[in-house]
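Input: a single structure, listed below in structure tokens.
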Amino acid sequence: MIPPGSTVGLMGGGQLGRMFAIAARRMGYFVHTLEPTPLCPAGQVSDVEINADYDDPAGLARLVSGVRVVTFEFENIPHAALSTLAEQTLVRPGPHVLLTCQNRQREKQFLRQHGFPTAPFAVVRSAGELGAALKRIGLPAVLKTADFGYDGKGQIKLAPGTDPDPDALWKRFASPVGVVEGWIDFAAELSVVCARSASGEIAAFPVSENIHAHHILDVSIVPARLGPEVQAAARDIARAIAEALDVIGLLAVEMFLGRDGSLLVNELAPRPHNSGHYTFDACVTSQFEQQLRAVCDLPLGETRLLSPVVMVNLLGDLWAAGEPDWRVVLDEPSAKLHLYGKSVAKPGRKMGHVCVLDPDPAQALEKALMIKARLAKPRG
Ligand code: AMP
């Protein structure tokens, strides 16, 4: 085990890293963070912030020289950089996990090969393959880029009752590889964050029920308003995927609940997840502390929920007319305000979140939605 007092390395300096560093430092660890942008959210609370590109050999050498283990907080790190680190120190989760999860094609094929349920999908590399896939899968469907690196090029949704021209669509898509997915008329979206330690111990957090707006997580509700069997099945799926992928660290599994009661895996993330932020305020152990415990091979902490909780994200849109009026949050004594230390607010950028705890789940939701509505209202 890598005991408290050791130094851990972190690739990536966003809010997930920031909360990881807070959890690690609370337990007496030192944190060295590598991130290209100076004064990043994680760097602000780390012991050492190394500003270098993720694949810069000098930066990687500096990171490796001071740490016992390296973990990461997002998926767009070059796989080669993580492999370089893995030649010199422990990297958890390992580079093979990043390789699978940072590419939609590999991720979906991994899930299929291991028998995990997904929406119907096909990997396409040409207009011809796209046409055949759309015929097989039918509409509505969505065409997604395989690589997460193609940020902004986005997804193309194909409505039912239309007759999309595969040639024109493929031209517009402009990526070398795509994944066509059947569009699921889901009853709910949910996720499970699960931890697996170096010794193979596994622990899943309670299921979070998630509501998205414009493809970005908006609200997480815990306990999820779903039956106990579905929740148990979702946690089983998350644990089984963590095992099959040989994750050491965290794995977040996003799922759809179909109207027929079946669960479909949508996406994997081998790191802390936005839908697990509630654990920081409402569980015995947070997902960030659990990540630390898993990668340092400490015994995992208890995942028990201490109180019903609702999390709402604070996006940069709220800053359109200047700094939001934080009294709206602070006047509610059961609300916990989290801000990520980002100096520039942009629409869609995750700037912080609020968790509202209440013994009555309906009250937690009502208060959280009220806070969200009040923050969004222009100040008069
Ligand atoms: P993704 O970019 O795959 O994480 O998708 C973001 C969000 O878009 C999901 O959380 C869903 O709300 C929606 N979405 C993506 N793919 C599908 C699908 N195949 N069927 C229904 N909704 C989807």
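The values are calculated or read from the model by the stated rules, or taken from the named source; none is laboratory data. None of these values were measured; they are calculated from a predicted model. FYI the Cβ positions are ideal-geometry reconstructions off the backbone, even for glycines, and counts take in every protein chain you see. For accessibility, only protein heavy atoms count, side chains too; no ligands or nucleic acids. Shrake-Rupley method; radii C 1.70, N 1.55, O 1.52, S 1.80 Å.
Kindly indicate whether any position in region 207-217 is in contact (Cβ under 8 Å) with a residue 12 or more places away in the chain, out of contact with any Ser or Thr (no Cβ under 8 Å at 6 or more places or on another chain) and not in a strand (DSSP E or B). Yes - at least one qualifying residue is present in region 207-217.
Is it the case that region 183-192 has a residue that's modelled with pLDDT of 95 or more, among the hydroxyl-bearing types (Ser, Thr, Tyr) and part of a strand (DSSP E or B)? The answer is yes, given that some residue of region 183-192 is modelled with pLDDT of 95 or more, among the hydroxyl-bearing types (Ser, Thr, Tyr) and part of a strand (DSSP E or B). Of the candidates Val97, Val69, Val91, the single residue that is open to solvent by less than 10 Å² (accessible area, probe 1.4 Å), more than 15 Å from the ligand (Cβ to nearest atom) and under 20 Å from the mean Cα position of the chain (by Cα) is Val97. Report yes if some residue within region 149-157 is in contact (Cβ under 8 Å) with a residue 24 or more places away in the chain and either within 30 Å of Gln363 (Cβ to Cβ) or buried (at least 18 other Cβ atoms within 10 Å of the Cβ) (or both); otherwise report no. No, region 149-157 has no match at all. The residues of region 161-206 that are buried (at least 17 other Cβ atoms within 10 Å of the Cβ), assigned by TED's automatic domain parsing to the domain that holds Thr303 and more than 15 Å from the ligand (Cβ to nearest atom), listed by number, are Val193, Cys194, Ala195, Arg196, Ser197, Ala198, Ile202, Ala203, Ala204, Phe205, Pro206.
So, Ile50, is that one touching a strand residue (DSSP E or B) at 6+ places or on another chain (Cβ under 8 Å), outside the structural domain of Arg293 (by TED's automatic domain parsing) and under 24 Å from Ser197 (Cβ atoms) or not? Judged against the criteria, Ile50 is not a match. Exactly one residue among Leu250, Leu264, Leu268 is assigned to a strand (DSSP E or B), over 24 Å from Ala364 (Cα atoms) and either β-branched (Val, Ile, Thr) or more than 15 Å from the ligand (Cβ to nearest atom) (or both), and that residue is Leu250. Residues that are small (Gly, Ala, Ser) and open to solvent by 50 Å² or more (accessible area, probe 1.4 Å) number at least 1 in the following helices (runs of 4 or more DSSP H) confined to region 284-380: 361-376.
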